[in-house]
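The structure under discussion appears below in the form of structure tokens.
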Amino acid sequence: MNVAELKERLLNLVDVFEEKEPLLTELDRAIGDGDHGVNMLRGFKSLPEQLDDNSMAALFKSTGMALMSNIGGASGPLYGFSFVKMSQVVKDELDNDNLKEVLKTFSEAVAQRGKVELNEKTMYDVIERASEAVSNGDTLAFEDLQSYADLTENIEATKGRAAYFKEASKGHVDPGAQSSVYILNALIGVD
Ligand code: ADP
Ligand code: MG
């Protein structure tokens with residue numbers, strides 16, 4: 001994937017988050033404060049004005065800066081910081097080898113910034129599993145990413161706002177896990 005292709009995929013996420021805003025709102029209403037859909041849409045809507053497509057690194061960095069200042073909430077700094085970190089390892093042709101490195105960086109950035117581990121019911125559950133699978137040479141489809149998000153449904157949250165719901169957080173998919181499905185789908189280049 002080259003810079004023009006990835007730029008198009010990132011800009012397509014504006015439509016995706018437009019469509020998925022009600023779903024993300026509903027998920028965050030159940031175990032949070034209901035702002036995740038609006039947060040993600042606001043973040044991605046800022047991209048057309050903010051993107052720098054001079055190189056893949058510039059594209060990732062400008063995406064990160066835009067997400068950091070426009071998503072808000074807990075997820076904004078996590079996604080924003082991750083894209084800035086990924087800009088440091090991405091190459092102008094994002095091939096399969098580079099994708100492994102990019103996803104590993106994504107996962108490590110979230111772990112570092114969120115002080116989060118696997119099975120705490122966050123976006124990290126999806127990002128880390130996707131990184132692991134791609135590292136192992138698996139080809140991921142959208143359904144695989146969705147299955148990682150679905151795994152968050154039956155666990156109790158121990159990070160972020162959802163942790164206040166304790167046992168009652170069970171039975172709901174984590175909103176950040178769901179939004180990361182769409183972001184990873186764009187990066188991985190499936191569909
Ligand atoms: P807020 O919780 O501030 O309202 P959002 O609703 O935009 O922010 O984002 C909530 C999502 O952020 C959660 O569903 C979860 O996936 C993610 N999140 C929150 N805290 C952490 C953390 N410490 N590490 C990883 N992800 C987190
Ligand atoms: Mg929220």
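The values are calculated or read from the model by the stated rules, or taken from the named source; none is laboratory data. Everything numeric in this text was worked out from a predicted model, so none of it was measured. Counting neighbours? That spans all protein chains shown, and the Cβs are built from the backbone with ideal geometry, glycine included. What goes into the accessible areas is simple: the full protein's heavy atoms, side chains included, and nothing from ligands, DNA or RNA. Shrake-Rupley method; radii C 1.70, N 1.55, O 1.52, S 1.80 Å.
Applying the set (1) in contact (Cβ under 8 Å) with a residue 24 or more places away in the chain; (2) within 16 Å of ligand 2 (Cβ to nearest atom) to PRO22 leaves exactly one unmet item: (1).
For the range 64-107, the set of residues classified as within 11 Å of ligand 1 (Cβ to nearest atom) and more than 20 Å from GLN178 (Cα to Cα) is empty. In summary, GLU156 fulfils each of the numbered conditions (1) assigned to a loop (DSSP other than H, G, I, E, B); (2) of a type outside the set (Phe, Trp, Tyr); (3) buried (at least 18 other Cβ atoms within 10 Å of the Cβ) with the single exception of condition (3). Checking the structure you have, find out if any residue of the range 65-74 is crowded, with 19+ Cβ neighbours inside 10 Å, farther than 18 Å from ASN2 by Cα and among the β-branched types (Val, Ile, Thr). Yes, there is a match, as at least one residue in the range 65-74 is crowded, with 19+ Cβ neighbours inside 10 Å, farther than 18 Å from ASN2 by Cα and among the β-branched types (Val, Ile, Thr). I'm checking my understanding of the structure. Among residues of the range 90-116 that are acidic (Asp, Glu) and farther than 9 Å from GLU128 by Cα, which one is most open to solvent (accessible area, probe 1.4 Å)? Taking the candidates together, the pick is ASP97.
Taking the conditions (1) open to solvent by 10 Å² or more (accessible area, probe 1.4 Å); (2) within 16 Å of ligand 2 (Cβ to nearest atom); (3) in a helix (DSSP H, G or I) in turn, SER180 satisfies each one other than (1). Candidates ALA149, ALA186, ALA141, ALA162: the one that is farther than 25 Å from ASN2 by Cβ, open to solvent by less than 40 Å² (accessible area, probe 1.4 Å), small (Gly, Ala, Ser) and more than 8 Å from ligand 1 (Cβ to nearest atom) is ALA149.
Of all residue pairs spaced 6 or more apart or on separate chains, those with beta-carbon atoms under 6 Å, a first member in the range 154-180 that is farther than 8 Å from ILE31 by Cβ and a second member that is among the β-branched types (Val, Ile, Thr) are LYS159/VAL116; LYS159/THR122; VAL173/THR152; GLY176/THR122; ALA177/VAL126; ALA177/THR152; SER180/VAL126; SER180/ILE127.
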